[in-house]
Amino acid sequence: MTTSAKFITKDFVEGETLFSQGDVGDYIFIIVHGSVEICKEANGKKEVIARLLSGDILGEMAVLTDEPRCATAITVEQTRVIMVKDRTLRLALLNDDLPILKPLTSQLVLRFKEAEQQANYYRRKFKKLEKEVGILKEQLLQNALGTGT
């Protein structure tokens, strides 16, 4: 592990956990090389929701929101990351003096766009289901009226 005033470079072996769902967000991670799977656990089942590669940033949401980590990050192969302490990131945001800010902002915008696309997809799906339920209700009502006469 290499340490500087603002960054820590750390190597992880395959299958090692960078952080777990529910943990405090004290670092963001920049993947130098390797890959990391992001997994969520719900109802006792683990679901892989993303696979991140060199140049990707992860763990920023918990740091920026002061909320617990919403997912677990596990290395898929030998992986080297640069870890940026939450305090360093906050000071950089105030002083605009950290080179990571532009890629971090770009990544956040991308994540918000993806979330918006997902929300739109589910809205359309919900409207379609609503329509289908309406048709089924109408058919049931017609059948009930038809059998009652």
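Every number here is computed from the coordinates shown, using simple stated rules; none is lab data. Computed from a prediction, not measured in an experiment: that's the story for all the values here. Reconstructed Cβ throughout: ideal geometry from the backbone, glycine too, with neighbour counts over all protein chains shown.
Miscellaneous remarks
- Electrostatic tally near residue 49: other residues with Cβ closer than 14 Å to its Cβ, Lys and Arg +1, Asp and Glu -1, net +1.
- Between amide H atoms placed 1.01 Å from N, distances below 5 Å from residue 16 occur with 75, all of them 5 or more places distant or on a separate chain.
- Model label points for residue 70 and residue 13, set 7 angstrom from Cα along the Cα-to-Cβ axis, are 3.3 nm apart.
- Here's how it looks for residue 35: its modeled amide H is under 5 Å from those of 76, 77, which are all 5 or more places away or on a different chain.
- Phi-based couplings in Hz for the range 116-128 (Karplus 6.51, -1.76, 1.60; Gly and Pro marked x): 5, 4, 4, 4, 4, 4, 5, 4, 4, 4, 5, 4, 5
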